[in-house]
Amino acid sequence: MNRLLRVAPISLILTIAVSTASYGQKSYALGLGGGAAIPVGKLGDVQKTGYNVMAVLAVGSTDLPIGLRFDGIYNNLRSTNSLSGSTATSSDLRVIATLVNLVYVFPGTSAKAYILAGGGLYNSKPDVPGAKAQNNFGSNAGLGATFGFGPFAAFIESRYHSISRSTSKGGVYQFVPITVGFMF
């Protein structure tokens with residue numbers, strides 16, 4: 001984990017430097033967003049819809065439709081366990097991740113559709129006394145659209161996340177956040 005944290009900033013700097021020299025003028029954008037996080041698969045049997053928050057650094061070229069996006073995400077999936085028909089306990093599943101994605105933007109005027117796919121390191125922890133956080137690699141892919149408003153842009157997107165976990169640790173986690181936000 002420490003090695004990954006040391007290598008990530010160096011990789012980001014090299015990517016930006018090589019891209020700038022190769023492709024001319026760059027465009028950068030920062031973004032913030034949030035919305036619903038919907039558990040799917042086996043996770044949907046024990047968790048309920050929660051919320052997500054996302055911070056974005058998008059790096060692209062005005063000459064190419066392909067870019068990179070670095071995302072930091074926080075998801076909180078709710079769970080309600082009931083005993084004898086009444087609500088007894090409530091626990092959440094927290095999922096934090098740092099992701100690197102390739103983005104392909106389709107041509108457009110003020111509205112541009114895009115697809116993205118990538119992966120990263122996910123940290124998950126149930127909100128249960130004594131539970132330990134787990135780090136696992138996972139992947140994501142999805143669709144979105146941006147809508148330009150002068151120097152700002154609004155975006156809406158949905159992605160499918162799959163976190164690789166061993167069966168002994170509860171199996172694969174899968175969830176779909178639907179996010180609305182702004183790029184500036």
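Using DSSP to call loops (not H, G, I, E or B), can you name the trypsin sites (Lys or Arg not before Pro) in the stretch 89-174 whose Cβ has at most 11 other Cβ atoms within 10 angstrom?
Here the trypsin sites (Lys or Arg not before Pro) that fit, given the DSSP loop and packing criteria, are 132.
Taking neighbour Cβ counts within 10 Å as the exposure measure, how do 114, 160 sort from fewest upward?
So the ranking, lowest neighbour count to highest, is 160, 114.
Fully extended, how many nm does the chain gain between residue 106 and residue 64 (0.36 nm per residue separation, minus their Cα-Cα distance)?
14.1 nm
Cα-based Rg (one decimal) and Dmax (whole number) for the stretch 26-183, in Å?
17.2, 62
If we count other beta carbons within 10 Å of each Cβ, what is the order of 156, 163, 38, fewest first?
Placing the least packed residue first, the sequence is 156, 38, 163.
Across the stretch 26-183, how many lysine pairs, 8 or more positions apart or on different chains, have C-alpha atoms separated by under 17 Å? Please give the number.
Lysine pairs, 8 or more places apart or on different chains, close enough: 5.
No value in this document is a laboratory result; all are computed from the given coordinates. Just so we're clear, the structure is a prediction, and the values are computed from it rather than from any experiment. Because the Cβ atoms are built from the backbone with ideal geometry, glycine has one as well, and the counts that use them run over all protein chains shown.
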